[in-house]
1. How do Glu159, Glu13, Glu184 line up, fewest other C-beta atoms within 10 Å first?
2. What number do you get for segment 92-149 when its Cα radius of gyration is normalised by 2.2 N^0.38 Å, N = residues?
3. Which whole-number percent gives the relative contact order of the chain, counting Cα pairs below 8 Å spaced six or more residues apart?
4. Can you sort Ile50, Ile120 so the residue with the fewest Cβ neighbours within 10 Å comes first?
5. Per-residue ellipticity at 222 nm for the chain, helices alone: DSSP H runs ≥ 4 residues times -39500 (n - 2.57), over residue total, nearest 500 deg cm²/dmol?
6. Can you divide the C-alpha Rg of segment 26-226 by 2.2 N^0.38 Å and report the result to two decimal places?
7. Go through Leu200, Met92, Ile119 and say which Cα lies farthest out towards the positive end of the charge dipole of segment 26-226; charges sit on Cβ, +1 for Lys and Arg, -1 for Asp and Glu.
8. Distance cut-off 19 Å, Cα to Cα: go down the list Lys35/Lys176; Lys35/Lys133; Lys35/Lys222; Lys133/Lys167; Lys133/Lys158; Lys89/Lys167 and report the pairs above it.
Amino acid sequence: MTINPATNPSASEYPQTAQTTARRHRERISYDAGKVHALLDELYYCHAVIAHAQPGPMAMPLFHARVGETLYMHGSTGAGSFLNARDGKVAMSVTATSIDGLVYSRSWFHHSANYRSVIIFGQAQLVSDPEEKWDSFVALVDRLGPGRSGDSRSPSKKELAQTSVLKLSMDAVSYKERNAGVGEDPDDLDLPHWAGVVPLRLQAGEPSPAPGVTTEAPAYVKELHTV
């Protein structure tokens, strides 16, 4: 029996649910907690979806930080998803995706992409406890670099009041990945069209200091450019 990492930190896999069970390409699906954690920690933002009654379904890109089996997402107190969560928990799905390569086939049909993705289903709620909210801010700021929260000004009471944090328990989770070459029909192999894979990756540029800054860029900023 698979034990949920959300309720048992030593568990290595998430349980399959009706929402996370694959219908197609089951060979690409995994419930491995390590893969899920690694991708969420690599990516800086996710897309969160709430099915609003009005104006309808809405997807929002949100900056996120994972702490254990909880995903924290940062936003404004006036944002729709955050307003809907004021009165309690709201059903939410979250997805985070990395496009790792473009796959060119000799045929239109077999063009594809290499990717890694995570999808989470659960009940989201606003973080109301002051201590947890503060800790979630620390986690979110430190996503930009280890220790960044201690290397910048902490928020004022006004700034805290203007900012909300949603948290989502990672109960129903799946990981999907394509990391392969070109799929071709045998009859197409002699066609004179180029086929192959073009790798893609997110790469940081050279840091550009803001006007008036005289302090040298910290190590965690410099390291982004050298990765």
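Every number here is computed from the coordinates shown, using simple stated rules; none is lab data. Computed from a predicted structure; not experimentally measured. Quick reminder, even Gly has a Cβ in these numbers, built from the backbone with ideal geometry, and neighbours come from all protein chains shown.
1. Lowest to highest Cβ neighbour count: Glu159, Glu184, Glu13.
2. Taking N as the residue count of segment 92-149, the ratio is 1.81.
3. Computed over the chain, the figure is 24 percent.
4. So the ranking, lowest neighbour count to highest, is Ile50, Ile120.
5. Value at 222 nm, helices only, nearest 500: -5000 deg cm²/dmol.
6. Ratio of Rg to 2.2 N^0.38 Å for segment 26-226: 1.25.
7. Met92
8. Lys35/Lys133; Lys35/Lys222
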